[in-house]
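One structure is given below, encoded as structure tokens.
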Amino acid sequence: MTSLNTATALNGIANLRLPAWLLPPSWPQQSGEPATADLRFEDGKISSLTPSHPPQLDLWDAQGALALPGMIEPHAHLDKTFTIGRSRPSKPGLLAAIETMHQDRQHWTAEDLQQRGKRGLAWAAAHGVTHLRTHIDWFTATPPVAWHEMAHVEEHGVTLERVALVPLGLFANASVADDIARAVAQSGEHCLLGGFIHSSNWDPAAMKNLMHSASAWQLNLDLHIDEELTATAHGLTWLAHYLSENAFSGHICCSHGCALASGSEGQAQEVLALLAAQRVTLIALPMTNLLLQDAVVGRTPRQRGITVLKEAQVAGIPTLLGCDNVQDAFCPAGSYDPLDTLSCALFSLQLDTLFDQQSRLICDSAALTGNAHTQSPLAEGSAATLVVFPGSNIATWPLNSAARLVIHHGRLTHQRTWNQELSHES
Ligand SMILES: [Zn+2]
């Protein structure tokens with residue numbers, strides 16, 4: 001594989017192994033797998049996607065490397081990230097992490113937020129993320145400094161969405177709920193309303209105000225909901241029944257939903273069926289759930305704490321995987337690489353057909369936005385934006401896939417290479 005440079009626009013890439021979910025049903029097979037593809041670019045857009053036909057001398061030859069469209073990071077916290085050095089919780093678990101984070105907020109100046117937020121977004125872009133949704137803590141009727149500062153965090157080629165992460169109790173006052181929703185709506189596009197909904201703050205009247213204010217301001221929602229193992233957690237059950245009786249014009253993402261895995265199968269199936277009917281998206285966060293659920297000092301966790309992702313997929317619910325917290329009081333590790341998240345899900349959720357089917361969990365921007373008119377990635381006319389994993393194969397991917405090339409609108413923007421000469425293959 002010859003090297004590329006960032007200066008020239010590519011005519012296209014030959015001999016790419018794309019995932020089955022991305023290809024039309026009629027795509028030819030080769031030894032039981034989708035045949036490799038040739039992609040041609042024109043003015044930064046895809047002009048054709050065809051089964052490989054060598055030689056294509058004007059195209060760069062990927063030699064059968066795996067490739068995905070630009071990846072998405074559907075759930076991050078850029079306001080909290082990279083604070084672990086000064087903000088380490090003394091106890092395990094979600095509520096202790098929240099307490100520690102509150103103490104760290106005294107350091108959240110404009111400069112501190114900008115510096116950490118930019119770093120997080122730059123790391124994500126270098127891995128091949130082209131769409132990142134960050135939640136931003138919001139504790140009063142008016143927007144926090146972080147809401148404004150994150151609006152100025154930019155990275156070429158990455159769409160950044162902001163979600164107001166408001167504790168449910170703040171919506172108990174209808175006029176405050178309206179103030180918050182109005183401020184979010186007036187912040188421009190790529191802004192959503194959200195809430196932290198948990199047994200510790202459960203309030204059905206506040207839930208109604210949250211739904212009404214989102215509807216009144218035509219906002220989409222992304223909710224931290226039932227991030228706990230309490231079988232009687234109310235959030236998703238309440239929401240599912242509310243939506244079956246009340247029209248909601250926007251799209252809803254539900255993040256976490258851990259409690260669904262604690263109740264009975266019948267209860268989970270009923271909730272999933274109702275959410276599927278409303279096209280609600282479920283976002284699982286395997287890394288922080290494994291770390292923060294069933295977390296007791298000196299005791300090995302017995303439960304995985306992750307939502308019922310496979311059952312949600314069978315029920316027809318759009319599903320995604322997110323990283324959640326990176327290097328903060330909630331999670332000390334992480335690097336904004338969606339492949340880390342997928343690798344974690346491979347084991348914790350026992351996923352199979354990782355590349356050909358489940359890689360969609362880190363690429364499906366239509367599932368994130370609910371926009372049914374989103375063009376299929378890499379279809380003719382869409383952005384020539386993709387991530388190539390040199391030297392990869394489906395037996396090891398997503399593990400051992402640090403090497404990669406990120407192509408934005410037909411040009412190489414980031415690359416991390418595998419040095420064959422220094423490897424010890426015999
Ligand atoms: Zn979160």
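The values are calculated or read from the model by the stated rules, or taken from the named source; none is laboratory data. Since this is a predicted model, take the numbers as computed values, not measurements. Neighbour counts run over all protein chains shown; Cβ positions are idealised from the backbone, glycine included.
Can you tell me which residue within the stretch 259-291, out of those that are within 23 Å of SER215 (Cβ to Cβ) and part of a loop (DSSP other than H, G, I, E, B), is farthest from the chain's Cα centre (by Cα)?
GLN278
Determine whether SER249 is under 17 Å from ASP178 (Cβ atoms) and at pLDDT below 95.
In short, yes.
Tell me which residues, restricted to the stretch 322-375, are assigned to a loop (DSSP other than H, G, I, E, B), within 16 Å of the ligand (Cβ to nearest atom) and either buried (at least 23 other Cβ atoms within 10 Å of the Cβ) or within 14 Å of the chain's Cα centre (by Cα) (or both).
Matches in the stretch 322-375: GLY322, CYS323, ASN325, VAL326, ASP328, PHE330, GLY334, TYR336.
Among the listed residues THR81, THR142, THR134, THR100, which satisfies the condition of being assigned to a strand (DSSP E or B) and among the polar types (S, T, N, Q)?
THR134
Applying the selection to the stretch 215-258, what residues are in a helix (DSSP H, G or I), surrounded by 17 or more Cβ atoms within 10 Å (Cβ to Cβ) and over 20 Å from the mean Cα position of the chain (by Cα)?
The answer is GLY235, THR237, TRP238, LEU239, ALA240, LEU243.
Is at least one residue of the stretch 66-76 part of a loop (DSSP other than H, G, I, E, B), more than 16 Å from the ligand (Cβ to nearest atom) and surrounded by 19 or more Cβ atoms within 10 Å (Cβ to Cβ)?
The answer is yes, given that some residue of the stretch 66-76 is part of a loop (DSSP other than H, G, I, E, B), more than 16 Å from the ligand (Cβ to nearest atom) and surrounded by 19 or more Cβ atoms within 10 Å (Cβ to Cβ).
Return yes or no: is CYS254 out of contact with any Cys (no Cβ under 9 Å at 6 or more places or on another chain), without any contact (Cβ under 8 Å) to a residue 40 or more places away in the chain and within 16 Å of the ligand (Cβ to nearest atom)?
Spelling it out, CYS254 is indeed out of contact with any Cys (no Cβ under 9 Å at 6 or more places or on another chain), without any contact (Cβ under 8 Å) to a residue 40 or more places away in the chain and within 16 Å of the ligand (Cβ to nearest atom).
Looking only at residues that are among the acidic types (Asp, Glu) and touching a residue at least 12 places away in the same chain (Cβ under 8 Å) in the stretch 77-116, which one is nearest to the ligand (Cβ to nearest atom)?
That would be ASP79.
For the list (1) outside the structural domain of LEU16 (by TED's automatic domain parsing); (2) in contact with a Ser or Thr (Cβ under 6 Å, 6 or more places away or on another chain), I need the number of the one condition that ILE362 fails.
(2)
If the requirement is being farther than 26 Å from CYS258 by Cβ and within 22 Å of the chain's Cα centre (by Cα), which of these qualifies: ARG119, ARG133?
It is ARG119.
State all residues of the stretch 307-316 that are surrounded by 23 or more Cβ atoms within 10 Å (Cβ to Cβ) and among the hydrophobic types (A, V, I, L, M, F, W, C); if no residue qualifies, say none.
VAL308, LEU309, ALA312
In the stretch 171-205, how many are buried (at least 22 other Cβ atoms within 10 Å of the Cβ) and either away from the ligand (no atom under 16 Å from the Cβ) or not assigned by TED's automatic domain parsing to the domain that holds CYS258 (or both)?
Counting residues in the stretch 171-205 that are buried (at least 22 other Cβ atoms within 10 Å of the Cβ) and either away from the ligand (no atom under 16 Å from the Cβ) or not assigned by TED's automatic domain parsing to the domain that holds CYS258 (or both) gives 5.
List the residue pairs whose Cβ atoms are under 6 Å apart, where the first residue sits in the stretch 285-314 and is in the same structural domain as LEU94 (by TED's automatic domain parsing) and under 17 Å from ARG360 (Cα atoms), the second is of a type in the set (Val, Ile, Thr) and at pLDDT 95 or above, and the two are 6 or more positions apart or on different chains.
PRO286/ILE306; LEU309/THR319; ALA312/THR319; GLN313/THR319
Inside the stretch 118-130, can you point out the residues that are surrounded by fewer than 24 Cβ atoms within 10 Å (Cβ to Cβ) and more than 17 Å from ALA67 (Cα to Cα)?
Listed by number, the residues that qualify are LYS118, ARG119, ALA122, TRP123.
Can you spot a residue in the stretch 292-310 that is away from the ligand (no atom under 16 Å from the Cβ) and part of a helix (DSSP H, G or I)?
Yes; the residues of the stretch 292-310 include at least one that is away from the ligand (no atom under 16 Å from the Cβ) and part of a helix (DSSP H, G or I).
Has the stretch 38-46 got any residue that is at pLDDT below 95 and basic (Lys, Arg)?
Checked against the condition, which is being at pLDDT below 95 and basic (Lys, Arg), the stretch 38-46 yields no hits at all.
Return a yes/no flag: does the stretch 31-47 have any residue that is of a type in the set (Gly, Ala, Ser), more than 18 Å from ASP356 (Cα to Cα) and out of contact with any Ser or Thr (no Cβ under 6 Å at 6 or more places or on another chain).
There is at least one residue in the stretch 31-47 that is of a type in the set (Gly, Ala, Ser), more than 18 Å from ASP356 (Cα to Cα) and out of contact with any Ser or Thr (no Cβ under 6 Å at 6 or more places or on another chain).
Report every pair of residues separated by at least 6 positions or lying on different chains whose Cβ atoms are under 7 Å apart, first residue within the stretch 159-185 and in contact (Cβ under 8 Å) with a residue 24 or more places away in the chain, second basic (Lys, Arg).
These pairs meet every condition: GLU161/ARG133; VAL163/ARG133.
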